[in-house]
Each structure stands twice: as structure tokens, then as C-alpha cells.
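Report on one structure; see the data block that follows.
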Amino acid sequence: MHDVLKILAVLVVLVVLLRRRVFLGTVMAAGSLCLALLYRTHPLDFLDGVRTAILAPDSFEMTATLVLTMIVENILRKTETLKKMVMSLTLFLPDSRLVLATMPAVIGLLPSPGGAVFSAPMVGEASAPLTVSPERKAFINYWFRHIWEYVSPLYPGIILAAGIAHVSCRELALINAPFALSVVGWGFLFCFAGIGPTLGSDGHALAEKCRALVTFLVAFLPILLILILVIVVGIRPVPAMSGVIVALLVLHRYSPGRVWTTLRESVSIRMLLMVAGILVFQETLRITGSLNGISEFLSASGLPIVLIVTVLPFLAGFMTGLTIAYVGITFPLLLPLMGDISPLPGLLALAFGSGFAGVMLSPLHLCLVLTREYFNADINKVYRLLWVPSLLVLAAVIVPFAFLS
């Protein structure tokens, strides 16, 4: 019981600081210090834990993957490859509804914080032939942007969750695949309810459509290649992404000066500090022994493990609006409950899916805030459109429970 009270006290501190918009890296560092103080950890033991957290091989791989993701996003954005993808779709797809769904989905392939703003004007323009309310436009842009966060090894949440759970990004993508498919299915049902088909590209000749398709496939190839190498072939993200980056630099004839500028622009020190803070918090949980204490208490409490694994990530996701935050805060606590040696796929999927449902419904989610502001939508009406499909997507956890556990 003492472990639970201490952990709850630390979680309260984390949530309060996050709601005050304190930087996540600082929040996690503060949480680590609180843990160390509550458990009277010797300063040298704490510093050794910090060293272990930052210098461990898994930490290096996770950090390198994040850095390479930032570089890929910068290259594709600066070379207008992303813009070519989206514009070619407007010429090729036959239905405006497909254009509306595909544009935020394509932009969402890369975890760019400004992606919601980038795709919102395109959704607005593509919806011109349709009678669509501002709230539904916001819903469409927000919903289809988040297909890939369940499965893509380019997203920090997947990288962090796989690292903490000691599974590969490929395994986690397979476990979470039913969620991504559900986002697409429920998205078309709820986003376009009452909106009939509208021809979007009939005015273009067949040859022009074929050129648009070729343009899209060529522009999309770097992202597709990374996904195939990591998820299908099983190559580790770092060598797969490094190879694609070198190919892009050569293809676009980057000079040494431009390469240096790209590296300087791409690497977000804030993101690296966030990851470092989460890794230190995870290691502090281990060295204090708090994980063992709280897992023993929860196991003896009589509460269903499924309930615990559902509620904690959902609350953390809802209160922070950040995938990387709910993963970093709750996964180290829940993993001892998910299996003796390796986490059960159904429980791992449930933890990730419930946490992301909280993120999607969080008023602190940056994509939701930016999308609502762009379309000047009523947030209450957006929530009415959002909460039912979000819960229905979570119901897809039945698949990994039934077939993978």
C-alpha cells in the first residue's frame, strides 16, 4: 500500500506539472527526483541509474531512430515531396470524400507537430463541393491524421512502447494493426455519414490521372520503403532509415553545407530531452523497487488486470494529450502485470489502445486544438462526433486477445 501511495503522489505531481504546460522532459526529471526522495535512494545510486538509462544500447537505438525520423521529415518537407503527394491525389482520386480522408492520412505518415495545420487547408479546399460543417471538417482532418500512430515505426510512441516492452516495432505494429484498420473503417462510416459521393477528378484526362498516380508513388516511395524494410522485412529502424536518408541526400544532390543545415534543423533537442526524461523515470522506477511493490499490490487487490490496464493508460492519455507521455508514465508500471517473461499481446494492445483513446479525446491534444482553431469549430460538437468512434476503435482489442494471446 505504501508503494501505491508513493506512486500516486508522484503521478499527481506529473499531471499537475503537465497541465501547467511544463516541458515534459522537465516533468519526467522532477518525477524521477520525487521517486528517489520518497524511496530515500542514495544519490550515487540515482546518478548511476541516470547513466544506465541514457547510455544503455536500447536507449541509443531509440534515440537514433527518433533523430533519423526528424531528418526524413525535414528532407521530404523541404524538397516539397509531401506537397507533391497531396496535390497528385487531388488529380487522381475519383471521389472528393477519398481526397478528404487521404490528404490528412498522407500527411500523418510522418510525425510532424505542424501536420494538422498543413492538411487542414487541403481538407477545406477539397470539401468545397460538399456541404460540410466546420465541426465535421475538423473531425475528418483530426481523425484520419491518426491512423498510423498505432503501427508506424516512425512515431515516437511506437518506438518508446516497443523499447519499454522489449518487443520489436514490427511485433507491436502487428499487435496494433486491428486498431489502425478500425480507424479507417469507422472513420468512413462516421466522418462521411450523410455525405454522398462527389466526383472529384472526372474533368481530368486519363493520361493526366496516370501521371498524377506516378507522381504520388514516386513521392511516397521513401516512406513506403522504410515501412517495408522495418515492418515486412524486419530490419531494425536505424539501418533502414539511414539507408533511405543517404539515398534521398544523393537523389536530391544535397551539398555538404545543405546536409549540415538539414541536420541542424531536423534534430529537436526538446524531443531528445523528453525521451531522456522518460528513460530516467523508467530506470528510477526500477532501482527504487516501486514497480515490484505496486505490481504486487495490484495483483493482490482483486481488481481485474484488464480493468487496471484499461483505466491507467486512458487517464494518463486524457490528462496529457501525449502518446509518449502515457506510454512513459504507465507502461513501466503495467508491464509486470502483463506476463511473467514477455507481455501478453492482448494486454499490450489494450494498454496502448486505451491510452491512445484518451489522447484522441484529450482537450490538450495539440492536433485537436490546431484543427479546431483553423476551422473555427465548436469543440463540444466536435466531441459529439469523436467519442463514439474512438471507443469503437478501442473495441478492436478483441482481435489480439482472441488470435495473438
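What follows is calculated from the coordinates using simple rules that are stated; it is not laboratory data. Quick caveat, the model's predicted, so the values are computed rather than measured. When we count neighbours, we look across all protein chains shown, and the Cβ atoms used for this are built from the backbone with ideal geometry, even at glycine.
Here are a few things to note about the model shown:
- Rg/Rg_globular for the range 2-403, with Rg_globular taken as 2.2 N^0.38 Å and Rg from C-alpha atoms: 1.01
- Loop GluC sites (Glu not before Pro), the range 63-150 (other Cβ atoms within 10 Å of the site Cβ: 13 or fewer; DSSP): Glu80
- Rounded to whole Å, sorted largest first: equivalent-ellipsoid semi-axes of the range 121-180, Cα gyration tensor: 33, 10, 8
- Taking 0.36 nm per residue of sequence separation and removing the Cα-Cα distance, the Asp58/Arg20 pair yields an extension gain of 10.6 nm.
- Computed from Cα positions, the angle between helix 323-338 and the longest principal axis of the chain comes to roughly 50 degrees.
- Among Leu344, Leu93, Leu303: highest mean-square fluctuation, GNM of the chain, C-alpha pairs under 10 Å: Leu303
- Extension reserve of the Leu44-Val311 stretch, reckoned as 0.36 nm per residue once the Cα distance is removed: 92.6 nm
- The range 154-294, Rg to Rh (Cα coordinates; Rh as Kirkwood inverse mean 1/r): 1.08
- Rounded to the nearest 10 degrees, the inclination of helix 305-320 to the longest alpha-carbon principal axis of the chain is 70 degrees.
- Percentage relative contact order, the chain, counting C-alpha pairs under 8 Å, at least six apart: 26 percent
- Nitroxide proxy distance, nm - points 7 Å out along Cα→Cβ at Ala300 and Leu251: 5.8 nm
- Cα-only Debye scattering, the range 131-221: base-10 log of I(q)/I(0) at q = 0.18, 0.21 Å⁻¹: -0.99, -1.05
- Ratio of Rg to Rh for the range 1-49: 1.01 [Cα atoms; Kirkwood radius as inverse mean 1/r over pairs].
- Projecting label points 7 angstrom from Cα along Cα→Cβ for Val267 and Ser242 puts them 1.5 nm apart.
- Chain lengthening between Leu213 and Leu404 when straightened (0.36 nm per residue, less Cα-Cα): 65.1 nm
- Loop-exposed trypsin sites (Lys or Arg not before Pro) per DSSP, neighbour cap 15 Cβ within 10 angstrom, longest uninterrupted part of the chain: 41-252
- The chain: most fluctuating residue of Val250, Val393, Val267 per GNM, C-alpha cutoff 10 Å: Val250
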